[in-house]
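> Pasting in a structure now, in structure tokens, and then I'll have a few things to ask.
Read-outs throughout are calculated quantities, based only on the coordinates presented, and are distinct from any laboratory measurement. This is a predicted model, so every value here is computed, not measured. Cβ: placed from backbone, ideal geometry, glycine included. Neighbour counts: every protein chain shown.
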Amino acid sequence: MTAKKLNRRDFLRMSALTTAGAALAACAPEVVERTVKVPVKETVQVEVPVEQTVVVEGETVVVTAEPPPRQEVTIVFMYNSGEIAIEGGGTEEALALFEEKYAPYKVERLDASTSTMYAMLAAGNQLDVVRGVGVLMPPLVLRRVPLDITDYFATSEVLKLDDLLPVNDMFTAHGRRYGAIKDWSPDFGMWVNKALWKEAGVEPPEPGEKLSYQRLRELSSQLSKFEGDVRQVTGTDLKGASSMLQWVGYTFANSRGLFEDDIYHLNIADDEELVEMLAWAVDWEKEKGIPTAINARVTGDAQDEFLAGASAVAEFGYWFGGRVGTAELIDPAECILMPAPTWGPNYFNGCGYGAGGFLSSTTQIPDAAWKLFEWFFGEEPAVARAKGGWGLPALASLLPLMPQDEPWRKNAYEVCMADIENSIAPQVASTPYCTPWIVGDAWGALTQPLLEGDITLDELIAAVEEDVNEQIADNMDAAGVKMPE
Amino acid sequence: MEELARLAATRKRRPKTRGHLVRSKRARRETTSFLLFIMPWILGFIGLSVFPLALGFITSLSNFDGLNLATVRFVGLDNYARAFTKPLAQSSLGNSFKYAIIVVPVGLTLSFLLAVMLNRPIKGRDLFRLIYYLPAILPLAGASRAWQLLFGTNVGAINALIRVFRPGTAIDWLLDYPWPVLFLYAWWGAGQGMVIFLSGLQGIPQELYEAARLDGANRLQLLYRVTLPLMTPVIYFQLILNIIAALQVFQGPVLIFSGHNVGDPVWMGRVDMPQHLYTYMIYVFTETFRKSRYGYGVALAWIFFVVVLIVTLIVIKTSRYWVYYEVAQEGEAR
């Protein structure tokens, strides 16, 4: 570059460009350091990811901006190693790829742990990108744990707003976006082992066929197999049988969450329809139709039981296909994923968990943290996950990558595609003052006395209400929120 | 008196001799060295024990939920009062005591008898010692899994054995007989106590046995009249440790019950076991981590500390009646 003498015209042009560059820089989300280079011909480069045309003294000037130079920082990434991978590589390779692609950023990974996260936040330790769970976000948002990243999403070329599937709304509150889903499932789909149906003399369901809960209850005894008291096959195994309220809240009462009318109190007893549903489900448990505290599975673990060919129907959702595909004791070709069961006219197959992540509100390097977030949720790792068959991607553009090479996988894919619009959880605990698990725990803790007849359903409901409402009051108090009159 | 006062005044006025100054300087140097040597421990003790304890106590007086530093509030003794109004807190503490009352004597007796047996010159003694000690070095999670495999309802080894004689049997051991199963778990750890007893047994002078034999003592009398009295300091030591450990029981029950019938292990702070079987530490864990009641959880822990302290003091106070020491203890005549 040769030195150029600055004349009046050049001076004016440079002043205008500097002003334009500074203005653009101020509007950009990347706030680090702006530099304006000496104008060469009609172009000025500033450190913002935009391009704009401005007119200076009747002359058109293209202002091209580039991102600021990345600072050499280490991003603390709290995510389990088993969940970070790229095609042909595990955690180490994946993080090495990020560090290479986005040098000089470095990543320090920690295992995900709620207790550790709390401790680190309380101690003021650096924490940037954190594993989060959709159903647990409202209480965290209340405590301002996640950073509001709505503006980052607005300008992202990777995580485009119109590409986000509705399930990502589990990470939103009051119209603001706090995170994204890593991968997910419509969790109430049911895996069917057709071989066990045939063995029991029951015609297996057609792919895509929707069974009602009432029909499943009938099938429980037909598909179960005993030798004396020894269970050899579990007929129907439904998730959440240990915490019926959570299950019922997610599935049957899909049109309204448990806290739809009042986020400050749980009131089951006055909801006749819900009590009726619960009574029906408890009767099913009492007749030992589904595994419960008093009705042992063939093996202790529901997943192992299905994979061992000892469970005819298991409610696990799409993600379980990842395990089915590698199972040794069952033939994946004999397994199909069915839609969720129906309750009367109601059908709902939502996401009951929603693994994802967020940026910590304490991060001092939001731009770097966002870059890691964007990469992990939208680039190579997201592609690898979509192809893996362990869950649906969070981006619509990645859906076609889901495995469809075998008929059983193709069927699972189609079931999920039909369920995408139903994918948002009804937020059984749609209150920021209580997680759905607390509701489930309160129920599950007293399941055994209920099923053994030591307490009545009404007594259990009263105990659950008392427990949950006390928890809500405690959480409100801790958050400094007053109970409205 | 006047004479004494005069002498004292004289001593005060007495000029310091060179030897006195040297001694004083050396004493100061020794004190400084002592403090420097002990400082790392003192700092560690303050930083890792005193400070956390004080912070914990302050936390117990607040509504801290693990994150609400901005809105945390002083609640006085509310958390302590709450513990006394919660039936679950009381039943959990009762369960811990129930567990300790049975497990401690059974465990101590078992490990003592094992040690006595394996202290004899029998063939393959070292191999037996290894076999009995082996479970103690197994990870608790692995040991619990083995226990689950033994006591499983449909595929457990014990039921499989019973089915040889009575086909079709499927006893739900964990549901129907939870306490015996947990006590058996304590037996699993008897090897550790055995090793400590063995070291105690090997310290008993053989002359005492020879003298007793000369007096006509049989094997049982040797055990009761020689071995047992001389082992009381070791029993005492083990008793205190075992009581504290038994009252704190947590991992064993949680791991044994995890996944029982309902399929969720300890996950995000959830403990998958019937509430009526909670031990105190399980209750503390669920209140603190699952329900994010950190203030209440720490208050529960402080209450537990006081309870354990009282129990330990009772054991210490009663030890003078049954523990034999070869040297006189403080405050008592030989």
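> Within 10 Å of each residue's Cβ, count the other Cβ atoms and sort B:125, B:28 from fewest upward.
Lowest to highest Cβ neighbour count: B:28, B:125.
> Multiply the residue separation of residue B:318 and residue B:150 by 0.36 nm, subtract the distance between their alpha-carbon atoms, and state the gained length in nm to one decimal.
Taking 0.36 nm per residue and subtracting the Cα distance, the gain is 56.5 nm.
> Hey, another quick one. Whole-Hz ³J(HN,Hα) for each residue in the stretch A:386-395, computed from phi via Karplus 6.51 cos²θ - 1.76 cosθ + 1.60 with θ = phi - 60°, x for glycine and proline: what do you get?
Each residue's phi maps through the Karplus curve to give 4, 7, x, x, 9, x, 7, x, 8, 10 Hz.
> Determine the gain in length on full extension of the stretch residue B:220-residue B:161; use 0.36 nm per residue of separation and subtract their C-alpha separation, reporting nm with one decimal.
17.6 nm
> Now, a different point. Skipping prolines and chain starts, which residues have an amide H placed within reach, meaning under 5 Å, of the one on residue A:342, given they are 5 or more residues away or on another chain?
A:211, A:212, A:213
> Amide H of residue A:311 versus every other amide H placed in the peptide plane: which residues, excluding those fewer than 5 positions away on the same chain, fall under 5 Å?
Placed amide hydrogens put A:234 under 5 Å from residue A:311.
> Another question, then. Each residue of the stretch B:119-133 in turn: what ³J(HN,Hα) in whole Hz from Karplus with 6.51, -1.76, 1.60 and θ = phi - 60°, glycine and Pro shown as x?
Each residue of the stretch B:119-133 in turn: 8, 7, x, 9, 5, x, 4, 5, 5, 5, 4, 5, 4, 6, 7 Hz.
> Find the all-direction average of the projected area of the Cα convex hull for the stretch B:196-246, expressing the result in square nanometres with one decimal place.
Directional mean of the projected Cα hull area for the stretch B:196-246 stands at 3.7 nm².
> Name the residues whose placed amide hydrogens come within less than 5 Å of the amide hydrogen of residue A:177, ignoring near sequence neighbours (fewer than 5 apart) on the same chain.
Counting only residues 5 or more places away or on other chains, the set is A:149, A:150.
> In this model, which of A:101/A:182; A:225/B:98; A:210/A:286 are farther than 27 Å apart at the alpha-carbon?
Over 27 Å apart, Cα to Cα: A:225/B:98.
> Here's another thing I want to ask about it. How far, in degrees from 0 to 90, does helix B:51-60 lean away from the longest principal axis of the Cα atoms of chain B, to the nearest 10?
60
> Follow-up. Evaluate the Kirkwood expression for the hydrodynamic radius of chain B, namely the inverse of the mean inverse distance over all pairs of different C-alpha atoms, and round to one decimal in Å.
Across chain B, the inverse of the average 1/r is 25.0 Å.
> Show that you can apply the helix-only estimate: for chain B, add -39,500 (n - 2.57) for every DSSP H stretch of four or more residues, divide by all residues, and state [θ] at 222 nm to the nearest 500.
-21000 deg cm²/dmol
> Cut-off is 10 Å between beta-carbons; in what order do A:86, B:46, A:149 appear when sorted fewest neighbours first?
Sorted ascending by nearby Cβ count, the order is B:46, A:86, A:149.
> When the Kirkwood radius is taken over all Cα pairs of the stretch B:162-257, what Stokes-Einstein diffusion coefficient follows at 4 °C and 1.567 mPa s, in µm²/s?
77
> Let me ask you something else. Trypsin sites (Lys or Arg not before Pro), restricted to the stretch A:380-485: which are DSSP loop and have at most 11 other Cβ atoms within 10 Å?
Listed in order of number, the matching sites are A:482.
> Sort A:455, A:461, B:101 so the one with the fewest other Cβ atoms within 10 Å of its own Cβ comes first.
With the sparsest Cβ surroundings first, the list reads B:101, A:455, A:461.
> Still on this structure, I have one more. Give the separation of the Cα centroids, the stretch B:172-244 to the stretch A:373-418, in Å.
Their Cα centres are 61 Å away from one another.
> How large are Rg and Dmax for the stretch A:340-462 when calculated on the C-alpha trace, in angstrom?
Looking at the stretch A:340-462, its Cα Rg and Dmax stand at 19.9, 58 Å.
> Can you run phi through the Karplus equation (6.51, -1.76, 1.60; θ = phi - 60°) for the stretch B:200-211 and list ³J(HN,Hα) in whole Hz, with x for Gly and Pro?
Karplus-based 3J(HN,Hα) across the stretch B:200-211 equals x, 4, 6, x, 7, x, 5, 4, 5, 5, 4, 4 Hz.
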